[in-house]
Amino acid sequence: MENENTAVKAPLEGIEKQATEELIDKTLELYPEKARKKRAPHMSANDPGVEGCTVKSNRKTVPGVMSARGCAYAGAKGVVWGPIRDMTHISHGPVGCGYYSWGTRRNLVEGHQGVDVFSAMQFTSDFQEKDVVYGGDKKLAKICTEVRELFPLAKGISVLSECPVGLIGDDINAVAKKSSSDLGIPVIPCNCEGFRGVSQSLGHHISNDSIRDYVIGTYEFKDEPTDYDIALIGDYNIGGDAWASKKILEELGLNVKAIWTGDGQIEHIAATHQVKLNLIHCYRSMNYMAKVMEERYGIPWMEFNFFGPTKIAASLRAIAARFDQKIQDNAEKIIEKYTPMMQAVIDEYRPRLEGKRALLFVGGLRPRHTIGAYEDLGLEIVGTGYEFAHNDDYDRTYEEMAKGTLIFDDASEIELETWAKEYKVDLVGSGVKEKYVFQKAGIPFRQMHSWDYSGPYHGYDGFPIFARDIDMAINSPTWGLVKAPF
Amino acid sequence: MSETCAVKKVTEITPEEVARVEEWINTEEYRDKNMAREAVVINPAHACQPLGAQLVAHGFEGTLPFVHGSQGCASYYRSALTRHFREPAAAVSSAMTEDGAVFGGQNNLFEGLENAYKLYSPKMMAVFTSCMPEIIGDDLTAFIANARKEGLIPEDFPVPYANTPSFNGTHINGYDTMLKSILSYLAADKKVEGKDNGKLNLIPGFDCNTGNYREYKRLCKEMGIDVTLLADVSESFDSPLDGTYRPYPGGTPLEEAADVLNAHATLSMMLHASKETVKWFKNETEAPVDVMPAPIGVANTDNFLMKLAELFGKEVPESLKAERGRAVDAMTDAHQYLHNKKFAIWGDPDYLAGMISFLLEMGARPYHIICSRGSKKVTKYLQALLDESPYGEGCHIWMNKDLWHLRSLVMTDPVDALIGSSHGKMVARDANIPHIRHGFPVLDRVNLHRVPFIGYQGAINLLTSIANTLLEEVDRTSEDKHFEIMR
């Protein structure tokens with residue numbers, strides 16, 4: 001994908017850098033002085049290619065602002081560990097964290113819950129006062145024993161610690177080590193207490209580190225390695241995304257040996273050091289392990305984008321370029337096969353969506369990765385921002401957006417409201433906490449974390465569904481009923 | 001680990017192994033093992049205290065719930081409420097991070113109060129705690145007083161606060177503690193000796209059905225009683241879509257809440273969830289303070305109305321007598337579909353008490369009753385309800401058991417249907433029985449929180465959903481020769 005984004009985006013009508021800067025000033029006026037200073041570096045008018053368009057990120061959330069961010073535990077349980085289907089994931093601490101994150105990420109899996117897969121279940125140590133006073137290590141050891149007995153097909157246990165565990169000084173690493181040797185399955189400790197770091201992001205990093213320290217290299221694939229072995233990294237199978245992505249990669253002639261971590265299997269993840277290339281979709285949450293595998297095992301990695309036909313085609317060619325002529329020919333065949341199908345989708349929906357404007361605010365990848373899919377449908381993205389991205393994500397974003405558009409970090413609800421109103425957007429793509437705020441205001445909305453209980457949105461399977469969903473969000477006849485005739 | 005262990009080969013779980021375990025987890029042997037576990041909780045039917053605190057805070061006019069703790073906690077509570085109601089749930093947090101463990105959370109609270117006050121113009125902020133400040137022992141009394149001294153919030157701006165540790169009790173306790181804190185804050189010094197404003201204070205408890213709140217108000221109106229709901233989330237979580245977003249669309253007026261100690265009477269509908277609040281009322285006012293079961297089912301509604309009649313010297317009006325008659329008519333018409341049918345139910349103690357009463361009234365059997373966090377007292381109370389009816393015989397209360405226990409129970413000792421939150425859907429699927437979505441949370445059906453289940457009308461609604469679900473099942477599963485037009 002190296003040379004893919006050299007073309008500068010065409011400007012959007014009525015979107016000027018200066019006007020956006022004025023809007024930013026107006027937004028900041030909402031804040032008391034101290035908070036204004038803190039928020040100011042987190043929003044900017046885009047000016048690709050020019051130094052100085054930098055949005056500060058990965059900083060502490062300003063207290064009291066109604067941030068959409070979650071915590072390290074959310075990043076560890078909800079994103080990295082939770083989707084691994086054949087492990088039991090223990091939310092270690094009080095009942096709430098596991099309860100609120102139970103089944104809400106939509107990481108689909110193959111298998112029978114409670115038998116050979118466990119991802120839709122909520123395992124908690126349900127800490128009580130006495131556990132806080134006397135420590136929860138003994139309880140944790142017992143939990144591991146009970147889980148091992150009740151779920152004999154589970155291939156491992158992850159222990160995801162919640163705030164109290166770190167604060168009272170429990171040693172889950174020691175318990176995990178002993179339990180692992182007693183029970184004969186991996187028990188992986190993950191010190192992802194919610195107070196660590198500033199967002200979900202550190203939870204991703206900590207989880208990657210625990211994969212590095214406890215998982216990678218501990219298994220090998222049964223079959224002899226081939227030159228076409230790859231791993232799909234950073235696809236969490238939301239609504240079946242990973243299955244849609246895997247399908248294309250297999251059509252390309254590649255062997256998808258492991259998926260991190262959507263519909264994931266721990267032993268496959270553990271054997272990923274044997275693959276020839278790591279393909280990384282969600283860079284933010286998994287770049288750490290991609291880099292570890294590069295350093296430790298010499299496995300190259302590359303980013304790709306399977307949202308919308310334009311990006312899919314570019315990605316397929318870029319992926320194929322890493323392989324031989326056979327794969328490259330396959331890439332062209334696939335593109336040739338699917339292009340008319342995707343064009344039919346575009347022909348159906350684009351006339352109803354052309355020129356509609358959207359504001360995006362999602363996690364660490366989609367604020368940039370979905371832009372192409374919207375553009376394939378004729379939408380224009382007037383602003384985009386991340387909940388928990390870092391500088392390297394923003395560096396990858398500026399080129400994807402037109403000059404003068406708004407780029408922002410860790411937006412508070414009042415900021416989003418201000419911008420949606422000012423830009424008179426036709427769609428907001430963000431999370432469940434934001435959804436009904438905008439719908440009440442008469443602004444169409446799609447949840448872009450959970451695909452609003454739809455999906456997949458990845459790959460050629462996903463684009464028709466994405467197109468249908470965006471169309472129905474914007475063009476639902478219910479919007480015509482908002483204003484009463486009396 | 002990679003250095004100490006030999007590298008193993010990846011193995012796949014075989015279909016035979018899956019089949020074996022699929023069968024095994026349905027056995028009595030597995031049930032016994034499962035019921036015997038002591039440490040791990042799997043698929044619980046309870047959340048933590050702050051969720052309840054946030055719910056009740058939403059029930060007051062212009063009130064911004066304020067989580068003192070990590071921002072991730074606030075995001076979780078907001079999401080949980082939003083997913084159930086499909087409505088916004090505006091709340092902020094003090095966004096504590098690791099340095100809070102060292103320095104305490106005062107600076108975060110200061111900044112949070114100042115920013116939220118300016119940004120979201122609340123009339124009140126209700127502060128409650130998640131784990132971190134509870135563990136490190138933050139002193140909210142001092143912190144909030146200091147924030148006023150610093151001029152970050154006005155001297156007279158209401159900031160009630162509650163300690164709601166997640167490792168003690170459940171969401172129903174958080175509701176109670178926050179409610180008491182809000183009321184004691186607002187009503188302190190507002191008691192006027194000898195004053196009776198003629199109103200009823202009504203405490204529904206942790207109830208995530210906005211229809212119920214409207215129904216409480218309607219029933220009181222029919223009785224000619226002026227009611228103050230403590231707290232009223234009916235608008236907060238069921239507001240109109242008219243093109244304007246309002247962060248505080250409803251709630252009990254603060255002025256009304258400030259006058260609660262001058263009310264004619266106070267009635268709490270949650271026997272096991274309003275200890276703190278009821279105690280406070282009893283200490284602060286000579287007016288009657290009663291606790292009684294929520295009006296779920298006919299008898300509970302009768303008792304509720306008779307209690308209102310007694311407290312306010314009113315007659316139950318003809319309109320409600322007629323409503324009662326219609327409920328009894330509907331129940332009699334449909335009794336044959338529920339009679340002796342076995343149900344599994346789960347949820348909070350008081351919700352369960354109501355559901356048990358209703359099912360017994362129908363001649364149905366609340367066969368497996370799961371309460372995933374409760375006391376011996378609750379068990380005793382629920383058992384007494386079962387003992388009052390022949391249909392309660394053989395029914396079981398499973399105290400401090402969870403929905404993975406429920407699975408074992410249902411697989412080894414089956415029921416006709418499940419009634420409860422969306423979290424039970426996997427049990428229903430494995431047992432191949434219908435699941436009537438009810439309670440909190442409902443994440444996979446629409447509008448159920450708008451359909452009241454209290455009062456006579458609520459009894460009809462409850463009956464309608466249960467009976468029609470069973471009838472649908474008959475149609476769905478009957479052979480051709482038994483597929484009839486009439487049922």
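The values are calculated or read from the model by the stated rules, or taken from the named source; none is laboratory data. Computed from a predicted model, the values in this text were never measured in an experiment. Heads up, the Cβs are rebuilt from the backbone with ideal geometry, glycines too, and the neighbour counts pull from every protein chain shown.
Between A:Ile269, A:Ile238, A:Ile248, A:Ile188, the distinction of being in contact (Cβ under 8 Å) with a residue 12 or more places away in the chain, within 19 Å of A:Leu140 (Cβ to Cβ) and not assigned by TED's automatic domain parsing to the domain that holds A:Ile465 belongs to A:Ile188 only. Each residue in the stretch B:78-101 was checked for being modelled with pLDDT of 95 or more and of a type in the set (D, E, K, R), and 4 of them qualify. Each residue in the stretch B:339-374 was checked for being within 14 Å of chain A (Cβ to nearest Cβ) and in contact with a Leu (Cβ under 9 Å, 6 or more places away or on another chain), and 4 of them qualify. Of all residues in the stretch B:219-237, exactly one satisfies the criterion of being among the small types (Gly, Ala, Ser) and farther than 14 Å from B:Thr252 by Cβ, namely B:Gly224. Whether any residue in the stretch A:418-425 is farther than 14 Å from A:Val382 by Cβ and modelled with pLDDT of 95 or more is what I want to check. For the stretch A:418-425, residues farther than 14 Å from A:Val382 by Cβ and modelled with pLDDT of 95 or more: absent.
Scanning the stretch A:16-43 for residues that are in a loop (DSSP other than H, G, I, E, B) and either among the charged types (D, E, K, R) or not assigned by TED's automatic domain parsing to the domain that holds A:Thr384 (or both) returns A:Glu16, A:Glu29. Would it be correct to say that A:Val428 is closer than 28 Å to A:Lys60 by Cα and buried (at least 24 other Cβ atoms within 10 Å of the Cβ)? Yes.
So that you can scan it fast, the table gives a plain yes or no per residue for (1) at the interface with another protein chain (Cβ under 7 Å from one of its Cβ atoms); (2) surrounded by 21 or more Cβ atoms within 10 Å (Cβ to Cβ); (3) at pLDDT 95 or above:
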position: B:Arg20; (1), (2), (3): no, no, yes
position: B:Trp24; (1), (2), (3): no, no, yes
position: B:Glu28; (1), (2), (3): no, no, yes
position: B:Asn43; (1), (2), (3): yes, yes, yes
position: B:Phe66; (1), (2), (3): no, yes, yes
position: B:Tyr76; (1), (2), (3): yes, yes, yes
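Checked against (1) within 8 Å of another protein chain (Cβ to nearest Cβ); (2) touching a residue at least 60 places away in the same chain (Cβ under 8 Å), A:Ser91 meets all criteria but (1).
Scanning the stretch B:368-419 for residues that are among the β-branched types (Val, Ile, Thr) and surrounded by fewer than 17 Cβ atoms within 10 Å (Cβ to Cβ) yields a total of 1. Among the residues making up the stretch A:220-240, those that are in contact with a His (Cβ under 8 Å, 6 or more places away or on another chain) and either within 13 Å of another protein chain (Cβ to nearest Cβ) or over 24 Å from A:Phe323 (Cα atoms) (or both) are A:Phe221, A:Ile238.
Within the stretch B:424-452, the set of residues being part of a helix (DSSP H, G or I) and either in contact with a Gly (Cβ under 8 Å, 6 or more places away or on another chain) or more than 13 Å from chain A (Cβ to nearest Cβ) (or both) comprises B:Met426, B:Asp430, B:Leu448, B:His449, B:Arg450.
Considering each residue of the stretch A:432-455 in turn, none proves to be modelled with pLDDT of 95 or more, among the hydrophobic types (A, V, I, L, M, F, W, C), surrounded by fewer than 24 Cβ atoms within 10 Å (Cβ to Cβ) and over 28 Å from B:Tyr77 (Cα atoms).
To keep it simple, each residue is scored yes or no on (1) assigned to a helix (DSSP H, G or I); (2) touching a Gly at 6+ places or on another chain (Cβ under 7 Å); (3) farther than 21 Å from A:Ile172 by Cα.
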position: A:Thr88; (1), (2), (3): no, no, no
position: A:Ser91; (1), (2), (3): no, yes, no
position: A:Gly96; (1), (2), (3): yes, no, no
position: A:Gly103; (1), (2), (3): no, no, yes
position: A:Gly111; (1), (2), (3): no, no, yes
position: A:Val115; (1), (2), (3): no, no, yes
position: A:Met121; (1), (2), (3): no, yes, yes
position: A:Phe127; (1), (2), (3): no, yes, no
position: A:Lys130; (1), (2), (3): yes, no, no
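Using the structure shown, decide if A:Arg212 is within 14 Å of chain B (Cβ to nearest Cβ) and under 28 Å from A:His390 (Cα atoms). So A:Arg212 fits the description; yes.
Take the conditions within 14 Å of chain B (Cβ to nearest Cβ), surrounded by fewer than 19 Cβ atoms within 10 Å (Cβ to Cβ) and either part of a loop (DSSP other than H, G, I, E, B) or of a type in the set (Lys, Arg) (or both) and apply them to A:Lys483. Does it pass? Yes, satisfied. From the list A:Gly429, A:Gly455, the one residue that fits, being of a type outside the set (Phe, Trp, Tyr) and part of a loop (DSSP other than H, G, I, E, B), is A:Gly455. Taking the criterion of being within 21 Å of B:Tyr76 (Cβ to Cβ) and touching a Gly at 6+ places or on another chain (Cβ under 8 Å), the residues of the stretch B:135-172 that qualify are B:Ile136, B:Asp138, B:Ala162, B:Thr164, B:Ser166, B:Phe167, B:Thr170, B:His171, B:Ile172. Among the residues of this structure, A:Ala420 does not count as one that is in contact with a Leu (Cβ under 6 Å, 6 or more places away or on another chain) and outside any helix (DSSP H, G or I).
Closer than 23 Å to A:Thr27 by Cα and out of contact with any Ser or Thr (no Cβ under 6 Å at 6 or more places or on another chain): does that describe B:Asn108? The answer is no for B:Asn108.
Restricting attention to the stretch A:44-77, the residues that are within 14 Å of chain B (Cβ to nearest Cβ) and in a loop (DSSP other than H, G, I, E, B) total 13. Only residues that are surrounded by fewer than 22 Cβ atoms within 10 Å (Cβ to Cβ) and assigned to a loop (DSSP other than H, G, I, E, B) were counted across the stretch A:219-238, and they come to 8.
Whenever a residue of the stretch A:125-142 is within 7 Å of another protein chain (Cβ to nearest Cβ), its partners that are among the polar types (S, T, N, Q) and assigned to a loop (DSSP other than H, G, I, E, B), lying with C-beta atoms within less than 6 angstrom and at least six residues away or across chains, give the pairs A:Glu129/B:Asn168; A:Lys139/A:Ser125.
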